[in-house]
Amino acid sequence: MKRETKKSRIYTLCAICVLILFTSVIMSKWDAIFQRGNPVPYMAAAFKLSDDNTFEAVENMKGVYITKRGEKQDLFQMIQDRYDVEYKDQLGSSYLFSNSEKNYTVGSEIYWGRFTVWTISFDDG
């Protein structure tokens, strides 16, 4: 009986240590993990990325896509085809697409150092 109590205390102590370690990591990386709010939709979309599927829409967020960092060619081709626009120029972290009627600005943000989140917004400019 005494031996079971001792094992139980050891397991409890180990569980507490793991919980403290996990909480410490979450707290130290809080800003990065939650830089765009709830990370679950972004990670769900990121898990769908592959060699054949280089970009993915983020669920329940209109005009928001995710790619692996540095992979933008397929996304840009989709934008050009869907909106009948042409890529014009990079403006810092934004990219300008245009046709004779409208300009489209596509913003980019590095996410967790491994991904890029793209936001398509419309500009009447």
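The values are calculated or read from the model by the stated rules, or taken from the named source; none is laboratory data. Bear in mind that the values here come from a model prediction, so they are computed numbers and not experimental data. A quick note on method: Cβ atoms are made from the backbone with ideal geometry, for glycine too, and the neighbour counts reach across all protein chains shown. Heads up: the accessible areas ignore ligands, DNA and RNA and are worked out on the full protein's heavy atoms, side chains in. Shrake-Rupley method; radii C 1.70, N 1.55, O 1.52, S 1.80 Å.
A few remarks follow.
- Failed condition for Gln80, given (1) in contact with an Asp or Glu (Cβ under 8 Å, 6 or more places away or on another chain); (2) over 16 Å from Trp118 (Cα atoms): (2)
- For Asn99, the conditions (1) out of contact with any Ser or Thr (no Cβ under 9 Å at 6 or more places or on another chain); (2) under 30 Å from Ile26 (Cβ atoms) are fulfilled apart from (2).
- Long-range neighbours under 7 Å by Cβ, at least six apart or interchain, first residue touching a residue at least 12 places away in the same chain (Cβ under 8 Å) within segment 73-86, second among the polar types (S, T, N, Q) and assigned to a helix (DSSP H, G or I): Glu86/Gln80
- Helices (runs of 4 or more DSSP H) contained entirely in segment 1-120, each with at least 2 residues that are at pLDDT below 90 and open to solvent by 80 Å² or more (accessible area, probe 1.4 Å): 2-28, 30-33
- Taken over segment 57-70, the criterion of being in contact with a Leu (Cβ under 9 Å, 6 or more places away or on another chain), under 15 Å from Trp112 (Cβ atoms) and not β-branched (Val, Ile, Thr) is satisfied by Lys68 alone.
- The set of residues in segment 1-33 that are out of contact with any Pro (no Cβ under 8 Å at 6 or more places or on another chain) and closer than 16 Å to Arg114 by Cβ comprises Lys29, Ala32.
- Close pairs (6 angstrom Cβ cut-off, 6 or more residues apart or separate chains): within 17 Å of Thr67 (Cα to Cα) in segment 29-47, among the aromatic types (Phe, Trp, Tyr) and open to solvent by less than 80 Å² (accessible area, probe 1.4 Å) anywhere: Ala46/Phe115
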